[in-house]
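Since the structure comes first, as structure tokens, the remarks are kept for the end.
The values are calculated or read from the model by the stated rules, or taken from the named source; none is laboratory data. Since the structure is predicted, the reported quantities are computational estimates derived from the model, not experimental observations. Cβ atoms come from the backbone with ideal geometry, glycine included; neighbour counts cover every protein chain shown.
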Amino acid sequence: MVESGIKADKIKVIYNGIDEKHWDRSNHHICLRKELRIPEDSIVVGTVGRIGNEKDYLTFLNVAKAVADKIDNVFFVIVGEGKGNEKEELIAYARKAGVIERVIFTGYRGDLLNVYKTFNIFLMTSITEGLPNTLLEAMSMGLPVVSTNVGGISELVVNDVSGFMYDVGDADGMAGKIIELISDKQSRLELSIASRRRIEEVFSFNKRLQIMEEYYLNLSTQKSNFN
């Protein structure tokens, strides 16, 4: 819009919002560790999304390998289904990498509140995104976020405050940060609070409605004055 000649101060972005009262970790959701056979004292690094090339789950598995080689009590969970043999190819890759015992493929889950409740850290390795709903949900649930810096993610995640962003394919960088977070419970807590606050302050669905109402009222007032 700016390149087409519209002045930047005349443009206002109204972000997609999320119902933070619904996506709230403090609600009584069910932890899935028992179902997934994950020890209670383990760290769970998870992601949610359709299995496809754009999600770059090979990098996700490379991160899992790098972390699992150094830390015993960590599991990685991929929630979602793909088309064709995509899931089976990832399972084969994980097996070849020697990390299959630490990676869980749940397939499709309709109980995402329970899924996020089970995670300690959210990892997104996508090579392309818009403003991903799964990241909104994860942050609303107070999860520390480690993500690639693509699409609108940099507008959602405040780097080093409410999460951490890395270049596409930077498995070493993301693995290093996850290892740091696993060993620093206080940092995870601070990130959890910051993630939730970021949603409440900028990406709340109610706040989005309020902003839209203000604009409509402003436009209607301007029209009345013009008439």
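Summary of computed values
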| item | result |
| --- | --- |
| Matching entry among Gln222, Gln210, Gln186 (being farther than 26 Å from Leu61 by Cβ, surrounded by fewer than 15 Cβ atoms within 10 Å (Cβ to Cβ), modelled with pLDDT of 95 or more and not β-branched (Val, Ile, Thr)) | Gln186 |
| Selected residue (criterion: surrounded by the fewest Cβ atoms within 10 Å (Cβ to Cβ)) from residues of the range 189-207 that are basic (Lys, Arg) and over 21 Å from Val150 (Cβ atoms) | Arg197 |
| Considering residues of the range 141-166 that are small (Gly, Ala, Ser) and crowded, with 21+ Cβ neighbours inside 10 Å only, the residue farthest from Val48 (Cα to Cα) | Ser162 |
| The range 81-92 residues that are over 19 Å from Asn62 (Cα atoms), paired with ones that are crowded, with 17+ Cβ neighbours inside 10 Å and of a type outside the set (A, V, I, L, M) (beta carbon under 8 Å, 6 or more apart) | Glu81/Lys87 |
| Single residue of the range 18-39 satisfying the filter (without any contact (Cβ under 8 Å) to a residue 12 or more places away in the chain and more than 30 Å from Phe205 (Cα to Cα)) that is surrounded by the fewest Cβ atoms within 10 Å (Cβ to Cβ) | Arg37 |
| Per-region count, the range 40-59, residues within 13 Å of Lys87 (Cα to Cα) and surrounded by 19 or more Cβ atoms within 10 Å (Cβ to Cβ) | 5 |
| Hey, Thr128 of a type outside the set (Asp, Glu), surrounded by fewer than 18 Cβ atoms within 10 Å (Cβ to Cβ) and closer than 15 Å to Val48 by Cβ or not | no |
| Residues of the range 149-178 satisfying the condition of being in contact with a helix residue (DSSP H, G or I) (Cβ under 7 Å, 6 or more places away or on another chain), within 24 Å of Val74 (Cα to Cα) and in contact (Cβ under 8 Å) with a residue 40 or more places away in the chain | Gly169, Ala171, Asp172, Met174, Ala175, Ile178 |
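Every residue, every condition in (1) surrounded by fewer than 18 Cβ atoms within 10 Å (Cβ to Cβ); (2) in contact with a strand residue (DSSP E or B) (Cβ under 7 Å, 6 or more places away or on another chain), yes or no:
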site: Lys83; (1), (2): yes, no
site: Lys87; (1), (2): yes, yes
site: Ala94; (1), (2): no, yes
site: Gly107; (1), (2): yes, no
site: Asp111; (1), (2): yes, no
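Conditions tested, residue by residue: (1) under 18 Å from Ile199 (Cβ atoms); (2) in contact with a strand residue (DSSP E or B) (Cβ under 6 Å, 6 or more places away or on another chain).
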| position | (1), (2) |
| --- | --- |
| Met1 | no, no |
| Gly5 | no, no |
| Val13 | yes, no |
| Asp24 | yes, no |
| Asn27 | yes, no |
| Lys34 | no, no |
| Val45 | no, yes |
| Glu54 | no, no |
